[in-house]
Structures are given as C-alpha cells and as structure tokens.
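> Have a look at the structure that comes next, please.
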Amino acid sequence: MSDRSEAMSDRAGAQDGGTDAQPRGMTARRIWMLAVPAAIIGVGVAGCVVLQQTRSKPEKKQEAVRPPAVFVAPAETVTLRLRVRAQGEVRPRQEAQLTSQVSGRIAWISPDFAAGARVARGQVLARLDEADYRLSVVQQEARVAQARQGLLREEAEAALARQDWAELGRGEPSPLALREPQLAEARAALAAAQAGLEEARLALQRTAIVAPFEGRVRERMAAVGQFVGPGASVGSAFATDAAEVRLPLTDADLAALGLTLGFTASRTQPGPSAVLQATIGGAPRAWDARLVRTEAALDGRTRQAFAVVEAPAPFAARHPQPLAPGLFVDAVIEAARSETFIRIPRVALRKADEVLVVSPDGLLEVRQLRPAWSDESGAYFRSGLKPGERVVTSALAAAMPGQKVAVTGQGGAAGPAPPRAAQGETGRGGMTP
C-alpha cells in the first residue's frame with residue numbers, strides 16, 4: 001500500500017511540473033517574434049544612415065541663360081499712291097424750292113412738272129391766272145401815256161416862259177419864272193408811271209413758275225385750281241450738272257491725301273481723284289469723281305473733318321445707272337501724288353505706336369513710332385525706320401531695351417506686299433490712325 005501511494009504521489013508531481021513548463025515556452029516564442037523584425041528594422045535604418053553619410057555629393061553646373069527666340073522681317077522701301085476709303089450720301093450740288101412770287105390761282109401745270117421728270121433751264125412748269133395782272137399792265141400803260149402828255153405840255157409851257165422872259169424880262173430869270181419846277185415834276189411823274197408799268201409787266205411775267213436750272217423734278221405739291229400766295233412752295237427740283245458727296249475724314253486721312261482744312265481745288269491745284277461705288281440692281285456700279293474742297297471747321301461731336309467730292313453729270317447716258325440723290329456710296333479717294341514709305345508687316349506694330357527693332361549684334365531696341373498709314377498688309381512710315389532694319393514680327397512678352405534676342409528666321413507678314421510703283425500700280429486700303 002505504501003508503495004502504491006508513493007507511485008501515485010510521484011505521478012501527480014510529474015503532472016504539476018508539466019503545467020509550469022508550457023507557459024515558459026510560449027513566452028520565449030513571443031520574444032523571438034518581436035525581436036527579429038526589430039532587429040531587421042534597426043539594421044535597415046543603420047544601413048540608410050551609413051549610406052547617407054558615405055554618399056558622394058552631385059556637382060553643381062551653371063547653365064547660361066538663353067536669349068528669347070524671335071522672328072524678324074526687314075523694313076523695305078515702297079513707293080505708292082495712298083488711297084482713303086470713306087462713305088457718304090449723294091446730294092445734288094444745286095437744289096431749289098419752286099415757289100410763287102405773286103399770288104393767284106394756278107391755271108395750268110406742265111406735263112413735265114412731275115416727280116423725276118427732266119426739265120430745262122427756264123422751262124415753264126406752271127402758270128397762274130393772268131387776268132388781273134394783264135389789267136394792271138393796261139392801267140399802268142394809260143398812266144404812262146398821261147404822264148408823257150403832261151411832260152410835253154410842261155415842256156411847251158417852259159419854252160414859252162423862256163421866250164417871254166427874253167422879250168420882256170430884265171436881269172437873271174428865276175427858276176419859277178422859267179417853269180423849271182413844273183417841268184421837273186412832269187418828268188418825275190413820267191418816270192413813276194414808267195416804273196409802275198415795269199412792275200406790272202414783271203408781276204405778269206412772274207405768273208409763270210419756271211425751272212431755275214436744267215435738272216430733275218424732285219417733288220410737286222400743287223394742282224390746277226389751287227390758290228397760292230407769294231413764297232408758297234409748289235414743288236422742288238435739283239440740278240443734274242453735278243452731284244456731291246460729303247465724306248468724313250480723320251486727321252490721318254488728311255495727312256495721307258496731303259490736304260489741309262479749307263482746301264479748295266483750282267486749275268493750278270486740282271483735288272485728288274476719287275471713285276464712287278455702290279450696288280444697284282444687284283450689280284456693282286462706279287462713277288468717277290474728284291475732291292473739290294474740304295470744310296474749314298471740324299465736327300464738334302466726332303472731331304472729324306469733311307471733304308466734298310463732286311461727280312460730273314450724274315444722269316449722263318454713259319452711266320448704266322444714274323448717281324441719284326440719296327444713294328449711299330463708298331468713296332475711294334486717291335492721293336494726288338505718289339510717296340515713298342518704309343513698310344513693315346502689320347504684325348510688327350505693337351500697341352499701335354511701338355516697333356521692336358533688332359540691331360546687327362542681336363540687341364533689342366524699342367521705338368515709339370506712329371505709322372502714317374496702315375492696311376491689311378502692312379504699316380507705312382515716313383520716318384523713324386531705315387530700309388533693311390529688322391523688326392520683330394513674333395510675340396515677345398517682356399521687351400526691354402538692350403535685351404539680347406536670338407533671331408530664328410523671318411516671317412509674320414500679314415498679307416502680300418503692295419505692288420511697287422515701278423509696276424505702275426498703287427496701294428489699296430483705308431486709313432487706320
């Protein structure tokens with residue numbers, strides 16, 4: 001029994017010892033699981049620190065600043081005759097209201113007195129009733145006859161008075177003795193009667209309403225049987241010998257044409273030639289004209305000057321369509337003489353008055369220049385540029401005087417160059433300030 005008890009006691013002790021060994025094994029494994037990654041991380045950090053301390057530093061290189069690249073175009077000399085474009089309304093050079101100078105009832109109207117009809121100078125367009133005026137002429141003729149008889153009687157009385165004084169009188173006769181006052185009165189009465197007769201005849205003549213010039217009737221405002229008074233308008237007409245167009249011009253336009261305010265054309269100084277253009281009946285039409293004068297004052301609202309262009313014989317048969325009043329036309333005025341300019345491409349003009357010029361050594365020069373004229377193909381200067389100078393035609397954000405630039409090529413022209421004067425042609429386009 002004692003031996004069995006000891007055996008059981010030894011087995012129980014063995015079981016207790018196994019239970020204590022199991023927790024100690026699990027703790028060791030956990031320690032290894034945490035220690036190994038920490039060791040790896042530490043080794044990596046140590047390696048990075050070593051590489052950081054032992055790496056070679058890169059060498060610093062200083063690169064030269066490259067100048068901006070630009071396109072350029074050469075300035076060239078051109079000789080051309082400038083043209084200015086403007087628009088205006090056609091109006092007759094002469095236009096008049098047809099009015100009656102006397103009062104009366106309209107008794108007759110000419111078939112030609114109609115809107116658009118052609119009339120000749122002095123042609124009778126309407127007549128007033130003449131009966132009263134003819135009667136007035138007869139009355140004045142009778143007064144003239146009476147005054148003439150009175151004058152003859154006074155002349156005879158004066159002759160007798162001079163004869164009597166010569167036979168009976170003594171000394172120097174007085175004017176009254178010779179009937180000189182009575183004779184002067186008779187002469188004045190005859191002159192007044194004759195003036196009254198002329199006035200009556202003139203009034204009779206004015207019963208006819210006539211055309212003051214050769215032209216066309218614009219409007220008729222009278223009818224047979226209508227009573228009109230002095231100054232009453234019965235219609236209007238305009239002359240067809242010439243038509244005018246009033247055109248607005250800027251100061252640059254005047255400079256391009258070589259004109260001044262108050263210019264008047266003459267035989268020794270003719271005005272610039274012009275062409276008037278319009279579309280009528282679906283077809284383009286053109287009429288030759290000439291600038292005859294410029295007005296002496298500027299318009300107070302637009303600050304522009306006005307020039308008057310005149311076209312002769314606007315209703316002539318040589319024109320397929322007449323240059324009728326009220327027609328809105330485009331006018332192209334050509335300068336009287338050719339000029340020599342320096343031309344650059346339009347794109348080379350910056351801010352409307354600035355040009356960038358590249359010197360032979362590649363340095364930039366900023367010039368403040370305003371063109372005398374410009375069109376879609378180029379800008380034209382009278383001074384400030386020399387032939388052959390290179391101007392920048394490409395965009396340059398910041399342009400500084402003396403800045404170094406690199407020329408990469410030529411280009412930037414906005415359009416074809418105008419023909420040279422040697423080819424017998426002129427430039428085209430409108431003024432651009």
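The values are calculated or read from the model by the stated rules, or taken from the named source; none is laboratory data. Given the structure is predicted, the values throughout are model-derived calculations rather than measurements. So basically every Cβ, Gly included, is an ideal-geometry build from the backbone, and we count neighbours across all protein chains shown. Each accessible area value is taken on the protein alone, full model and side chains, heavy atoms only, with ligands, DNA and RNA left out. Shrake-Rupley method; radii C 1.70, N 1.55, O 1.52, S 1.80 Å.
> Restricting to the stretch 84-122, what's the tally of residues that are of a type outside the set (Gly, Ala, Ser), open to solvent by 50 Å² or more (accessible area, probe 1.4 Å) and either more than 21 Å from ALA232 (Cα to Cα) or not in a strand (DSSP E or B) (or both)?
Final tally of qualifying residues: 11.
> Restricting the search to the stretch 390-420, which residues are open to solvent by less than 40 Å² (accessible area, probe 1.4 Å) and either small (Gly, Ala, Ser) or modelled with pLDDT of 85 or more (or both)?
Once the filter is applied, which keeps residues that are open to solvent by less than 40 Å² (accessible area, probe 1.4 Å) and either small (Gly, Ala, Ser) or modelled with pLDDT of 85 or more (or both), the stretch 390-420 yields VAL391, VAL392, THR393, SER394, ALA399, VAL405, ALA406, GLY409, GLY411, GLY412, GLY415.
> Further question: May I ask you to verify whether ALA184 is assigned to a helix (DSSP H, G or I), within 30 Å of LEU125 (Cα to Cα) and either out of contact with any Lys or Arg (no Cβ under 7 Å at 6 or more places or on another chain) or among the β-branched types (Val, Ile, Thr) (or both)?
no
> Still on this model: Within the stretch 233-246, is there a residue that is of a type in the set (A, V, I, L, M) and either open to solvent by 20 Å² or more (accessible area, probe 1.4 Å) or not in a strand (DSSP E or B) (or both)?
For the stretch 233-246, residues of a type in the set (A, V, I, L, M) and either open to solvent by 20 Å² or more (accessible area, probe 1.4 Å) or not in a strand (DSSP E or B) (or both): absent.
> While we're looking at this one, here's another question. Suppose we filter ALA195, ALA255 for residues that are among the small types (Gly, Ala, Ser) and either touching a residue at least 24 places away in the same chain (Cβ under 8 Å) or assigned to a strand (DSSP E or B) (or both); which single one remains?
Unique residue meeting the criteria: ALA255.
> Which pairs turn up if I take residues in the stretch 225-246 that are closer than 30 Å to PHE328 by Cβ and look for partners that are open to solvent by less than 50 Å² (accessible area, probe 1.4 Å) and aromatic (Phe, Trp, Tyr) with beta carbon separation below 6 Å, at least 6 apart in sequence or on another chain?
Note: pairs meeting the criteria are ALA239/PHE213; ARG246/PHE306.
> Here's another thing I want to ask about it. Examine the stretch 328-349 for a residue that is closer than 15 Å to ALA73 by Cβ and free of Cβ contacts under 8 Å to residues at least 60 places away in the same chain, and state whether such a residue exists.
yes
Rundown of residues vs (1) polar (S, T, N, Q); (2) open to solvent by less than 60 Å² (accessible area, probe 1.4 Å); (3) closer than 30 Å to ALA316 by Cβ, yes/no style:
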{"site": "GLU130", "(1), (2), (3)": "no, yes, no"}
{"site": "GLN139", "(1), (2), (3)": "yes, no, no"}
{"site": "ARG148", "(1), (2), (3)": "no, no, no"}
{"site": "ARG162", "(1), (2), (3)": "no, no, no"}
{"site": "LEU178", "(1), (2), (3)": "no, yes, no"}
{"site": "ALA203", "(1), (2), (3)": "no, yes, no"}
{"site": "GLY225", "(1), (2), (3)": "no, yes, no"}
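> What is the number of the single condition among (1) modelled with pLDDT under 90; (2) within 29 Å of VAL245 (Cβ to Cβ) that ARG350 does not meet?
Of everything listed in (1) modelled with pLDDT under 90; (2) within 29 Å of VAL245 (Cβ to Cβ), ARG350 misses just condition (2).
> Does VAL144 satisfy being within 60 Å of the chain's Cα centre (by Cα) and closer than 30 Å to GLN205 by Cβ?
no
> Of the residues in the stretch 315-364, how many are acidic (Asp, Glu) and within 30 Å of GLN269 (Cβ to Cβ)?
Of the residues in that region, 3 qualify.
> Any idea which of (1) assigned to a loop (DSSP other than H, G, I, E, B); (2) touching a residue at least 40 places away in the same chain (Cβ under 8 Å) is the one LEU125 doesn't satisfy?
(1)
> Also, I was wondering about something else. Among the numbered conditions (1) in contact with a Gly (Cβ under 9 Å, 6 or more places away or on another chain); (2) within 18 Å of GLN87 (Cβ to Cβ); (3) open to solvent by 50 Å² or more (accessible area, probe 1.4 Å), tell me where THR264 comes up short.
THR264 satisfies all of (1) in contact with a Gly (Cβ under 9 Å, 6 or more places away or on another chain); (2) within 18 Å of GLN87 (Cβ to Cβ); (3) open to solvent by 50 Å² or more (accessible area, probe 1.4 Å) except (2).
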